[in-house]
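As structure tokens, the structure follows; a few thoughts come after it.
Coordinate-derived values only; no laboratory data. Worth saying up front: this structure is predicted, and the values here are computed from it rather than measured. Don't worry about glycine lacking a Cβ; one is built from the backbone with ideal geometry, like all the others, and counts go over all protein chains shown.
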Amino acid sequence: MKAKGITPFSARRFGAVVAVAFALVATTLPSATASGEVFGKACSTEGISTGQSTTSLICTMGSNGKLTWTRVRLGSSSAKPVAALKAQPGTIEFHHWRPEDKVVLQSIIDKFEALNPGVHINQVIMNSVDYTNLAYAKISVNKKAALFVTSRGGQFDQFMAGGLMKDISSNRYISQNVISSALTPATVAGRVYGVPYQSLFNNPLYNSEMFAKNGWTVPTTWSQTLAFCKTAKAKGIIPFAWPAATRGNAGQIMNSFLMNSAPDLATLTSRIAAIDTGKADLTSDWFVEIAKKYKAMNDAGCFPDNVTGYNDTVAPADFASGKAAIYPTGTFGMSTVTKLNPSMVGKMKMMGLITVDTKPLYQGITNNTFILSVNAKSTTRDQSIANAFLSFLATAPIAQEYAVGTSQHVSIINVDYAANIDLLNTSDIMGKKLLLAPRFLFVNVGTVRNPLEDALIAIGGGADITKTLADTSKTIKQSLGA
Amino acid sequence: MAFPAFALYSFLYLYPSFSNIYYSFQRWDGVTKPEFVGLHNFTYLASNDDLFMKVLGNNFRFSFIVVIFQTLLALLFATFLLKNTKTTVALRIVFFFPTILSSVSVGLIWTFLYDPNFGFINAMFKAVGLDGLALNWLGDGKYSLYAIALTQIWFHTGQMVVIYVAGLQQIPQELYEAAEVDGASRWQQFKSITWPMALPTTAVVVAYTTIQTFRAFDLVYSMTQGGPLNSSDVLVTLIYNTAFSSYKWGYASAQSIILVFVVLLLTYLQRRTLRINTGEK
């Protein structure tokens with residue numbers, strides 16, 4: 001990846017930004033157009049991007065501190081995407097945990113079946129909690145489950161260890177249709193075992209209309225965040241509609257608290273690993289500092305009253321109805337908000353939650369929602385159907401249908417997001433320096449991450465830091481020893 | 001003739017039960033080969049697992065509250081709904097109605113009712129000036145278990161009313177007529193006739209309710225997932241998390257063996273107590 005018109009030093013810096021930003025999304029239409037700016041002029045908003053195919057421009061802060069358009073090349077290693085593979089007749093199951101994607105996926109399946117007579121793909125859908133807990137047990141004994149999804153990290157590793165992941169490295173659509181750096185979470189020892197299909201950004205959504213109306217600026221430092229909370233609360237607005245009673249979405253905010261908590265990624269990774277393996281306690285200085293920030297947000301009135309009883313049904317409703325300014329979950333929350341209140345279309349934008357007052361190491365979070373893989377234990381014919389369908393999903397028009405239909409970004413090149421204003425409006429986060437969601441570096445989900453998140457939620461609700469962390473540390477250590 | 005039924009029973013019940021006993025002596029993550037660890041899982045549970053002990057305590061409290069209040073309420077309602085008039089039959093249906101609902105639906109409905117900021121329960125308290133009782137029902141560890149217990153009572157009392165009505169209708173009417181001739185009050189009739197004669201039914205109701213409270217997974221999971229900070233966790237939710245979130249299947253098997261023994265012990269003690277009261281041998 002090379003940026004023209006900038007020094008080699010800057011190219012490296014931009015390379016890091018761009019690798020993260022554009023590894024996950026193929027193209028974005030000019031957000032400049034959406035925001036009323038004219039592409040071609042000097043950029044004024046960091047992160048605004050443009051581009052139709054395999055190259056794109058991004059408005060980025062240069063080493064001289066000035067915003068400039070930088071031409072970047074997208075992550076695919078080959079410029080020319082390939083067409084979808086043909087499938088032999090047969091019936092397979094496609095296991096996933098995205099009930100909200102059922103309709104759009106069925107539409108795509110119908111198209112695939114029409115192109116491949118005799119092929120039938122049946123969706124088998126569980127909710128995400130059940131899928132996390134039961135999918136391995138079910139799929140490992142079901143050869144018909146030829147195509148399935150896994151979450152990055154623990155679940156992907158579990159399926160790998162169980163020998164369920166087929167190596168799909170040699171397929172041309174892998175090297176030519178998928179943004180190469182997006183493949184990282186599904187790559188083991190240089191071999192690709194899946195397509196991390198949907199890209200999302202686990203950062204707070206804010207109501208841009210409300211911010212503009214009140215003359216608020218989006219906070220970019222920790223002090224500004226706390227000050228904003230006080231300002232918004234004084235106006236009777238819930239600053240952060242944090243759904244603390246629903247652990248899954250309440251935990252998203254932890255990504256932001258982790259991302260700038262260590263001097264570098266290696267240190268952050270090692271600290272997380274130390275807690276995950278029981279070598280360090282939650283009472284370590286590093287983690288106590290994180291917990292203190294949850295408490296500080298509570299003290300500053302950032303969260304709604306009785307936040308530990310505030311669930312993820314009420315939170316998006318408050319955000320959608322204008323009672324809350326910020327919904328701190330991620331891009332995946334946008335469709336819920338617009339379903340609750342269609343007039344919110346086009347009003348949501350994305351911000352990074354910065355928990356430091358110094359220059360942040362990272363400005364936001366990104367993640368792969370799920371990785372699509374072919375079952376290594378299925379029959380050869382069923383594997384070929386699953387692989388062909390995967391190649392079909394990796395074509396730009398189909399990926400675009402999925403992206404627009406689900407309001408999510410995808411890791412396939414040449415996708416045009418013009419049909420979804422919310423995707424365009426939130427695409428500016430892609431121009432920032434993003435970290436792959438560190439929450440998922442805790443691989444001991446039940447033993448470590450869940451109790452740890454419960455502790456932070458309790459602290460965010462006002463519980464005593466020292467006692468909560470000490471008690472939870474003890475529980476975690478005992479559970480790890482069992 | 002009995003073979004197909006026994007084969008089915010063996011496949012669906014005996015095999016999983018014996019497998020569970022087998023795995024309780026193993027360390028197993030559900031993927032790799034199980035490793036025999038003898039009694040380690042049980043000794044660790046007894047000596048090193050504070051969470052298990054806390055959750056066991058939660059479950060005893062949950063059971064105690066539900067068994068006492070559900071049984072008393074069911075008996076009370078049944079005594080009022082004993083006669084087969086149109087009104088009482090209609091009321092029995094009304095009381096029984098929650099039982100036919102899905103437990104997850106019940107959990108979600110009550111989660112809305114308990115919502116601390118917008119829920120009906122707090123709104124009701126505030127409307128009558130009892131703001132101090134408008135609590136964070138499910139979000140505060142001090143109340144979450146009791147809030148779920150109340151939901152459980154609402155959910156299953158109607159079922160027990162039906163069992164009690166069937167039991168109480170077996171009591172000979174002549175006994176009440178004789179008591180009335182002797183000038184016994186309604187309370188004396190209840191104390192001397194209804195309660196002793198209802199004890200066999202009570203034994204069934206108490207045993208059934210106890211078992212229900214030790215398998216109240218769906219209600220707890222849909223309302224709090226055991227939180228906050230395990231304050232509303234019960235044994236079945238803990239076992240589920242141990243097996244399916246922590247992937248400690250052997251350890252979860254040991255926990256479930258303890259659960260079986262707890263239920264067996266409680267049922268035995270209840271039966272024994274009620275037998276003493278009824279004079280059964």
With +1 at each Lys and Arg Cβ and -1 at each Asp and Glu Cβ, the charge dipole magnitude of segment B:37-278 around its Cα centre, to the nearest 20 debye, comes out at 260 debye
In order over segment B:162-172: 3J(HN,Hα) from phi, Karplus 6.51/-1.76/1.60, θ = phi - 60°, whole Hz, x for each Gly or Pro, gives 4, 5, 5, 4, 4, x, 6, 5, 7, 6, x
Burial-style ranking of B:177-185, A:367-375, A:438-446, average other-beta-carbon count within 10 Å with highest first, yields A:367-375, A:438-446, B:177-185
Log entry: pair-distance distribution for segment A:167-209, C-alpha pairs binned every 10 Å from zero, whole % per bin is 25, 43, 15, 13, 4
Beyond 27 Å, the calculated P(r) of segment B:37-278 holds a percent of Cα-Cα pairs equal to 46 percent
Karplus-derived 3J(HN,Hα) from phi for segment A:316-332 (6.51 cos²θ - 1.76 cosθ + 1.60, θ = phi - 60°), whole Hz, x at Gly and Pro, runs x, 5, 5, 5, 5, 8, x, 7, 10, 8, 10, 10, x, 10, x, 4, 5
In nm, the gap between the two label points placed 7 Å beyond Cα toward Cβ at A:K477 and A:A273 is 2.2 nm
dims of segment B:129-232, Cα set, principal axes, largest to smallest, nearest Å -> 57, 36, 16
Inter-chain shielding metric for A:449-457, i.e. average beta-carbon neighbours from other chains within 10 angstrom, reads 3
Dividing the alpha-carbon radius of gyration of segment A:275-314 by 2.2 N^0.38 Å, where N counts its residues, gives 1.53
Check: C-alpha center segment A:295-312 vs C-alpha center segment B:195-230, spacing in Å is 33 Å
Of all lysine pairs in segment B:37-278 that are eight or more residues apart or on different chains, those with Cα atoms under 23 Å apart total 4
The set of residues whose placed amide H lies less than 5 Å from the amide H of B:Q26, leaving out same-chain residues fewer than 5 positions away, is B:V37
Across B:224-234, the residue-averaged tally of Cβ atoms belonging to other chains within 10 Å stands at 5
Residues meeting the amide H criterion for B:Q225 (H placed from the backbone, H to H distance under 5 Å, 5 or more places apart or on another chain) are none
Rg (one decimal) and Dmax (whole number) from the Cα set of segment A:209-357, in Å, equal 16.0, 50
Sorted by chain and then number, the residues having a modelled amide H within less than 5 Å of the amide H of A:H409, at least 5 places away or on another chain, are A:S199
Computed from the beta carbon distance with a Förster radius of 41 Å, FRET efficiency for B:S102 and A:A161 to the nearest 0.05 stands at 0.70
In the protein assembly as shown the DSSP beta bridges are antiparallel at a rate, in percent to nearest 5, of 65 percent
Taking every residue of A:301-307, the Cβ atoms of other protein chains inside 10 Å of its Cβ average out to 3
From the Cα centre of segment A:344-403 to that of segment A:99-134, the distance in Å is 16 Å
What the 10 Å binned alpha carbon P(r) of segment B:107-156 shows, as percent of pairs per bin from 0, is 28, 56, 16, 0
When A:M351, B:M124 are ranked with the fewest other C-beta atoms within 10 Å first, the list becomes B:M124, A:M351
Magnitude of the Cβ-charge dipole (Lys and Arg +1, Asp and Glu -1) of segment A:343-452 about the Cα centre, nearest 20 debye, reported as 360 debye
The summed charge of the A:V410 Cβ neighbourhood (under 12 Å; Lys/Arg +1, Asp/Glu -1) stands at -3
Ranking B:F64, B:S47, B:A203 by how far each Cα lies towards the positive end of the charge dipole of segment B:37-278 (+1 on Lys and Arg Cβ, -1 on Asp and Glu Cβ), the top one is B:A203
To the nearest 20 debye, the protein assembly as shown has a Cα-centred charge dipole, built from +1 on Lys and Arg Cβ and -1 on Asp and Glu Cβ, of 1400 debye
Comparing B:L14, B:L39, B:L269 in a Gaussian network model of chain B (Cα, 10 Å), the one with the largest mean-square fluctuation is B:L14
Using alpha carbon centers only, segment B:149-175 is separated from segment A:142-216 by a whole-angstrom value of 54 Å
The lysines whose Cα lies under 23 Å from the Cα of A:K166, excluding any fewer than 8 residues away in the same chain, are A:K86, A:K138, A:K143, A:K144, A:K377, B:K33
Here segment A:149-157 yields Karplus 3J(HN,Hα) values (6.51, -1.76, 1.60; θ = phi - 60°; whole Hz; Gly and Pro given as x) of 10, 9, 8, 4, x, x, 6, 4, 4
Taking r as the C-beta separation of B:S192 and B:Y146 and R0 as 35 Å, the FRET efficiency to the nearest 0.05 is 0.55
Ranked output for segments B:24-37, B:54-67 by mean other Cβ atoms within 10 Å, highest leading, reads B:54-67, B:24-37
When A:H96, B:H40, A:H120 are ranked with the fewest other C-beta atoms within 10 Å first, the list becomes A:H120, B:H40, A:H96
Expressed as a percent, the portion of alpha-carbon pairs in the protein assembly as shown spaced more than 54 Å apart is 17 percent
